[in-house]
Amino acid sequence: MAHYPAIDTELLRSFVAIADHGGFTRAAESVNRTQSAISMQMKRLEEDVLQRRLFERDGRQVRLTAEGQVLLGYARRILKLHGEVMNTLREPHMVGAVRIGTPDDYVMRFLPGILSRFAQSYPMVQVEVHCDPSARLLQRQDLDLTIVTRQPGEEIGQLLRQDRMLWVGALGFDVHAQRPIPLAMFNEDCFCRAWACNALDAREIDYRVAYTSPSLAAILAIVSAGLAISAQMQSVIPTELRVLDAGSGLPELPTSSIVLLRNRSRSRSNPVTETMAEHIVEGFRL
């Protein structure tokens, strides 16, 4: 049987961070290492361990080679299994509490699966979920983990996923017959509302914010009733609503980045918080 060099999980963790963040600098920040340390790790992984080129480098841009893409799938699986083994054998009776902040957008789409899987492994951990717009969450210091929406290029923390913002309306809603266009949006301190209104202003399209609510369920109910249209993340749009394409005359909206922030002052060396963070990262990939 052939003997191959062992792959350190820390090398794989850094490799996955580079793939997720698209570069060495942000990856280094996410795993709390220097950029030079990350570079040395990848040199070791490419030259000493795998003897395969994993990255295509074009200036500051980094892309995975075909071999890198293959490794990425295995790396995610290995890290997931590694985490499960460590959590099961080292922390079988983990107790404590964790406070999570998230915009209302992601509660129904992502949190049920995340919290269900976490509760199956750690039933004694108390979880608090606080819903606020991203702008308010960024000001709070009482949360262990915070999920917020950011524009590309303004990411902070760990990137969970990127999601397109789309216009959405009821099946029979005629945008061209509505002036000003009625909107159903989150409250004024929501990034999505600002992006949508700015895009309409730039195209000089008349609109009015006819309905506001902090609840995604309420906004979608208003849109479903044909009373207004809205701008929402693609991942939270239900199948019964219609995405309004370029033929509607509405402006294209930016792609958002969903990121995870850790409150280092509250969660330093806290296995409960870090384990929940791992479940959140995995849940947003599904």
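Name the residues in segment 60-104 that are among the polar types (S, T, N, Q), at pLDDT 85 or above and either surrounded by 13 or more Cβ atoms within 10 Å (Cβ to Cβ) or in the same structural domain as ASP132 (by TED's automatic domain parsing) (or both), would you?
Result: THR65, THR102.
Residues checked against (1) assigned to a helix (DSSP H, G or I); (2) without any contact (Cβ under 8 Å) to a residue 40 or more places away in the chain; (3) under 23 Å from the mean Cα position of the chain (by Cα); (4) under 25 Å from ALA277 (Cβ atoms):
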residue	(1), (2), (3), (4)
ASP142	no, no, yes, yes
LEU171	no, no, no, no
PRO182	no, no, no, no
CYS192	yes, no, yes, yes
TRP195	yes, no, yes, no
LEU220	yes, yes, yes, no
LEU227	no, no, no, no
Does VAL259 qualify as being at pLDDT 90 or above, in contact with a strand residue (DSSP E or B) (Cβ under 9 Å, 6 or more places away or on another chain) and part of a helix (DSSP H, G or I)? no
Any residue at all in segment 202-215 that is surrounded by 14 or more Cβ atoms within 10 Å (Cβ to Cβ), outside any strand (DSSP E or B) and free of Cβ contacts under 8 Å to residues at least 60 places away in the same chain? yes
Unique match (being in contact with a His (Cβ under 8 Å, 6 or more places away or on another chain), surrounded by 15 or more Cβ atoms within 10 Å (Cβ to Cβ), aromatic (Phe, Trp, Tyr) and not in a loop (DSSP other than H, G, I, E, B)) among PHE118, PHE110: PHE118
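Can you tell me which of ILE229, ILE258 is farther than 30 Å from GLY96 by Cβ and crowded, with 17+ Cβ neighbours inside 10 Å?
None of the others qualify; the one that does is ILE229.
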May I ask you to verify whether VAL129 is modelled with pLDDT of 90 or more and either under 23 Å from SER257 (Cα atoms) or in a loop (DSSP other than H, G, I, E, B) (or both)? yes
Taking segment 36-83 and keeping only residues that are among the acidic types (Asp, Glu) and part of a helix (DSSP H, G or I), one is left with GLU46, GLU47, ASP48, GLU67
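The values are calculated or read from the model by the stated rules, or taken from the named source; none is laboratory data. From a predicted model like this one, the values you see are computed outputs, not experimental measurements. Using ideal geometry, Cβ is built from the backbone for each residue, glycine included, and neighbour counts are taken over all protein chains shown.
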